[in-house]
Amino acid sequence: MSATLIKGTEIREEILEEITAEVAGIKEKHGVVPGLVTILVGESPASISYVTLKIKTAHRVGFNEVQDNQSPDISEEDLLALIDKYNNDESIHGILVQLPLPKHIDEKKILNAIDPDKDVDGFHPVNVGRLMIGGDEVKFPPCTPAGIQEMIIRAGVETSGAEVVVVGRSNIVGKPIANMMLQKGDGANSTVTVVHTRTKDLEGHCKRADILIVAAGVPGLVKPEWIKPGACVIDVGVNRVGEKPSKKDPSRMVAVLKGDVDFDAAKEIAGSITPVPGGVGPMTITMLMKNTLKSLKFKLGIN
Ligand code: NAD
């Protein structure tokens, strides 16, 4: 039997349509739209392509998108002053600093300077603390974990009392998603185990999972026989394993991407599974839009 595919590309469309409608409604009633600034330092091609996608998505949902490109030579002091300017700008509800930053700038210092109430990435220690407390305290869940939880909910997977195993303990995926799944509330109430490089019996833990969330960055780490029949498998891994000619323009090479799970074999055992690409990937920017809209709604007191 083949698993149901949980497609991020389709869920993204649903959510972006919901956001667009909500933005239009707020604009009509309150005369304001969410304002999102992206600060890009330097010209790394990977950062530019990611930022370009953010801008396109922000425009699509009707946001006021401010693109602030800075020279790679900008001093830490000037970058801090820029953040202070946007912290005090009433028309801006979300501030993003595209990482990585040049070596002469302390990333932590920059991220910590963002007003936590405009930190739509959810990486500021105040927002990490709010996430840990859970419930009404949470303002901006980090975007990739929020996307994972949203996919699980929209796929109709039962989370209450479910055994959730998270492979990976990074600050951007593993730790926050583990924390979110164990909270009280919809799409949560799970019993969570986090496994990592020092775990003794990775296979044994994975085999128990009703919901297996894999964010290790190791292609094919999770073998099909580690998957409990009928489990929901969320593969967060994005690994470049080679190159192939582009479909649109065969003279151009594009990356071949693989997840952390052996997809072809796993889909015959799992009940539902996310593909790579087209699974968790499209959800991150989508949830960033959702957080920016939330920020405006918090300000207007309409949550
Ligand atoms: P990371 O390198 O910061 O963390 C990886 C974690 O996996 C570590 O905690 C490590 O202990 C664990 N791990 C690594 N190898 C392991 C092994 N052999 N056995 C058990 N545990 C192991 O990575 P990250 O930032 O959390 O990202 C993980 C993957 O998810 C990457 O492939 C990344 O590209 C992808 N990712 C995708 C999105 C998205 O699709 N939007 C967002 C973030 C990360």
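The values are calculated or read from the model by the stated rules, or taken from the named source; none is laboratory data. No experiment lies behind these values; they were computed from the predicted model shown. Cβ coordinates were reconstructed from backbone atoms using ideal geometry, including for glycine residues, and neighbour counts include every protein chain displayed. When the accessible area is computed, the model is the full protein with side chains, heavy atoms only, and any ligands, DNA or RNA have been set aside. Shrake-Rupley method; radii C 1.70, N 1.55, O 1.52, S 1.80 Å.
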For this session: With all protein chains present, calculate the accessible area of residue 68 using a 1.4 Å probe and round the result to the nearest 10 Å².
Result: 20 Å²
Seminar exercise, completed: Using alpha carbon centers only, region 227-303 is separated from region 100-147 by a whole-angstrom value of 21 Å
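When the solvent-accessible surface of protein heavy atoms is calculated with a 1.4 angstrom probe, in what order do 228, 294, 247 fall, highest first?
247, 228, 294
Taking every pair of distinct Cα atoms and averaging 1/r, then inverting, what Kirkwood hydrodynamic radius in Å comes out for region 147-303? Don't skip to the end; give the middle numbers.
Numbers: mean 1/r = 0.0604 Å⁻¹.
About 16.6 Å for region 147-303.
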Problem set entry | residue 41 long-range amide H proximity, modeled H, under 5 Å | 70, 98
Seminar exercise, completed: Gyration tensor on Cα atoms of region 28-86, a ≥ b ≥ c root eigenvalues, a/c under 1.5 rounded, else prolate if a/b beats b/c, else oblate, says oblate
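Could you pull out the pairs from 267/297; 108/294; 54/207; 109/175; 103/244 whose alpha carbons sit more than 30 Å apart here?
Working: 267/297 40 Å; 108/294 24 Å; 54/207 37 Å; 109/175 21 Å; 103/244 33 Å.
Cα-Cα > 30 Å for 267/297; 54/207; 103/244; rest within.
Please list 107, 17 from largest to smallest accessible area, probe radius 1.4 Å, with all protein chains kept in place. Numbers along the way, then the final one.
On the way: 107 65, 17 120 Å².
From most accessible down to least: 17, 107.
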For this session: Choose one answer from 59, 93, 104: the residue with the largest mean-square fluctuation in a GNM of the chain with alpha-carbon springs under 10 Å.
Result: 104
Exercise. Tell me which lysines have Cα within less than 23 Å of residue 247's Cα, excluding those fewer than 8 residues away on the same chain?
Worked result: 7, 56, 258
Problem set entry | With DNA, RNA and ligands ignored, accessible area of residue 4 (1.4 Å probe; Å², nearest 10) | 90 Å²
Exercise. How far, in nm, would the chain grow between residue 44 and residue 163 when pulled straight, counting 0.36 nm per residue and subtracting the alpha carbon separation?
Worked result: 38.8 nm
Exercise. What residues qualify as long-range amide H neighbours of residue 232, i.e. H under 5 Å apart, gap of 5 or more or another chain, H built at 1.01 Å from N?
Worked result: 211, 212, 271, 272
Exercise. So if we plug the beta-carbon distance of residue 78 and residue 254 into 1/(1 + (r/R0)^6) with R0 = 35 Å, what FRET efficiency do we get, rounded to 0.05?
Worked result: 0.45
Exercise. Just from its helices, what would the mean residue ellipticity at 222 nm be for the chain, if runs of 4 or more DSSP H residues each count -39500 (n - 2.57) and the sum is divided by every residue, rounded to the nearest 500 deg cm²/dmol?
Worked result: -12000 deg cm²/dmol
Seminar exercise, completed: For region 8-106 the translational diffusion coefficient, Stokes-Einstein from a Kirkwood Rh over Cα pairs at 4 °C and viscosity 1.567 mPa s, in µm²/s, is roughly 87 µm²/s
Problem set entry | Full-extension gain in nm, residue 91 to residue 136, via 0.36 nm per residue minus C-alpha separation | 13.7 nm
Exercise. Pick from 219, 142, 102: which residue has the top mean-square fluctuation in a GNM of the chain where Cα pairs under 10 Å get a spring?
Worked result: 102
Exercise. Which distance in nm do the two modelled labels at residue 67 and residue 7 give, with both placed 7 Å along the Cα-to-Cβ direction?
Worked result: 2.9 nm
Problem set entry | Area accessible to solvent at residue 253, 1.4 Å probe radius, in Å² | 100 Å²
Problem set entry | Residue-normalised accessible area of region 101-238, expressed per residue, 1.4 Å probe, Å² | 46 Å²
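Based on alpha-carbon atoms only, what is the radius of gyration of the chain relative to the globular estimate 2.2 N^0.38 Å?
Values: Rg = 19.7 Å, N = 303, 2.2 N^0.38 = 19.3 Å.
My calculation over the Cα atoms of the chain gives 1.02.
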Exercise. Taking the mean number of other Cβ atoms within 10 Å as a proxy for protection, how do you rank 7-15, 274-282 from highest to lowest?
Worked result: 274-282, 7-15
Exercise. Which whole-angstrom value gives the distance between the alpha carbon centres of region 150-206 and region 1-65?
Worked result: 26 Å
Problem set entry | R0 of 30 Å, Cβ-Cβ distance residue 247-residue 153: FRET efficiency to nearest 0.05 | 0.40
Exercise. Once fully extended, how much extra length lies between residue 193 and residue 52, figured as 0.36 nm per residue of separation less the alpha-carbon to alpha-carbon distance?
Worked result: 47.1 nm
Exercise. Angle, helix 8-30 long axis vs. longest principal axis of the chain, Cα atoms, 0 to 90°, nearest 10?
Worked result: 30 degrees
